[in-house]
Amino acid sequence: MILPVFDGANRPAVSRDMRGRQGIVAALRTLAAISHTREVCQVLGAIVAIAETCPLRSEGVEHLRLALADHADRVLVFGGVGEGGTHRVPLPAAISPLGALAVILRHAGEEHAIVAAADLRHPSSELLRYMVQVRGSFDAVAPERADGSLQPLLALYHPRCARRAAGLVTGGERELSVLLASAHLRRISFDEVAKFGHPTDLLARGE
């Protein structure tokens, strides 16, 4: 049995046991705060199906979900029809790629969102890992095709792009390339992409 200890003013003094309990409570509160911060800062993996041009196939979505799950804290499907138990966020039928990104970034935390088209033919987990590793403080990370253009639907976007994307959509813009042109961009060169396979295959979309 632990008896209370009184100080000179006849007030209960804090025993070492009480201080220990207070320390444990403080530590638990700190851990809770850290956990909350990690949740807020989590990386979103976004599989996006834009209108009828990007239908969802069960096997394709599952393969892409697994590739994203290696690098994201949560994976959502935007548009199309929900597949494989992955949570789906509906998109308007006529939405543009830029409009879809604006919706995706509203669901992101404080970290980059990995955005991948649902109809990518051969998504590479290794290429995604590399893109995540080099993202740093860039607004966006996007891989380069053979002709020097970018594949904007296999890319990373920071939530700070959300306001710019929304503004462009309001102004009638539809293309992601316009957003990328004004972003602090980490371009993954064609030669960098080639380290993970043939770029044409890795970046191609469609059947």
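The values are calculated or read from the model by the stated rules, or taken from the named source; none is laboratory data. Just so it is clear, the model here is predicted, and its values are computed rather than measured. Using ideal geometry, Cβ is built from the backbone for each residue, glycine included, and neighbour counts are taken over all protein chains shown.
Please go through segment 150-207 and give me each residue that is free of Cβ contacts under 8 Å to residues at least 24 places away in the same chain and among the hydroxyl-bearing types (Ser, Thr, Tyr), ordered by number.
THR170, SER182
Are there any helices (runs of 4 or more DSSP H) wholly within segment 122-207 with 2 or more residues that are of a type outside the set (Phe, Trp, Tyr) and over 18 Å from the mean Cα position of the chain (by Cα), and if so which? Can you show your working first?
Details: elements: 125-133, 162-170, 176-181, 190-194, 199-203.
Where helices (runs of 4 or more DSSP H) fall fully within segment 122-207 and carry at least 2 residues being of a type outside the set (Phe, Trp, Tyr) and over 18 Å from the mean Cα position of the chain (by Cα), they are 162-170, 176-181, 190-194, 199-203.
With respect to VAL115, is the statement that it is buried (at least 16 other Cβ atoms within 10 Å of the Cβ), of a type outside the set (Asp, Glu), in contact with a His (Cβ under 6 Å, 6 or more places away or on another chain) and not in a loop (DSSP other than H, G, I, E, B) true? Full working, then the answer.
Working: buried (at least 16 other Cβ atoms within 10 Å of the Cβ): yes; of a type outside the set (Asp, Glu): yes; in contact with a His (Cβ under 6 Å, 6 or more places away or on another chain): no; not in a loop (DSSP other than H, G, I, E, B): yes.
Criteria not met by VAL115.
Quick test of your reading of the structure: LEU91 fulfils all but one of (1) part of a helix (DSSP H, G or I); (2) free of Cβ contacts under 8 Å to residues at least 60 places away in the same chain. Name the failing condition by number.
The one condition LEU91 does not meet is (1).
Suppose we filter segment 131-141 for residues that are free of Cβ contacts under 8 Å to residues at least 40 places away in the same chain and among the β-branched types (Val, Ile, Thr); how many remain?
Initial filter on segment 131-141 (free of Cβ contacts under 8 Å to residues at least 40 places away in the same chain): 133.
Filter once more, so that each one left must be among the β-branched types (Val, Ile, Thr): none.
Number of matching residues: 0.
Can you tell me which of VAL61, VAL77 is out of contact with any helix residue (DSSP H, G or I) (no Cβ under 6 Å at 6 or more places or on another chain), in the same structural domain as LYS195 (by TED's automatic domain parsing), crowded, with 21+ Cβ neighbours inside 10 Å and not in a helix (DSSP H, G or I)? Outline the logic, then answer.
Numbers: VAL61 fails: not in a helix (DSSP H, G or I).
VAL77 is the lone residue from the list that is out of contact with any helix residue (DSSP H, G or I) (no Cβ under 6 Å at 6 or more places or on another chain), in the same structural domain as LYS195 (by TED's automatic domain parsing), crowded, with 21+ Cβ neighbours inside 10 Å and not in a helix (DSSP H, G or I).
Among the residues of segment 94-130, count how many are within 18 Å of THR200 (Cα to Cα) and either among the aliphatic types (A, V, I, L, M) or free of Cβ contacts under 8 Å to residues at least 60 places away in the same chain (or both).
Narrowing segment 94-130 to residues within 18 Å of THR200 (Cα to Cα): 116-128, 130.
Right, trim to either among the aliphatic types (A, V, I, L, M) or free of Cβ contacts under 8 Å to residues at least 60 places away in the same chain (or both) and you get 116-118, 120, 125, 127-128.
Final tally of qualifying residues: 7.
Looking only at residues that are out of contact with any Lys or Arg (no Cβ under 8 Å at 6 or more places or on another chain) and among the acidic types (Asp, Glu) in segment 143-174, which one is surrounded by the most Cβ atoms within 10 Å (Cβ to Cβ)?
GLU173
How many of the residues making up segment 62-82 are modelled with pLDDT under 80 and either of a type in the set (Gly, Ala, Ser) or under 18 Å from LEU202 (Cβ atoms) (or both)?
Adding up the residues that qualify gives 2.
If PRO90 meets every condition in (1) touching a helix residue (DSSP H, G or I) at 6+ places or on another chain (Cβ under 9 Å); (2) of a type outside the set (Ser, Thr, Tyr); (3) modelled with pLDDT of 85 or more apart from one, which number is that one?
Condition not satisfied by PRO90: (1).
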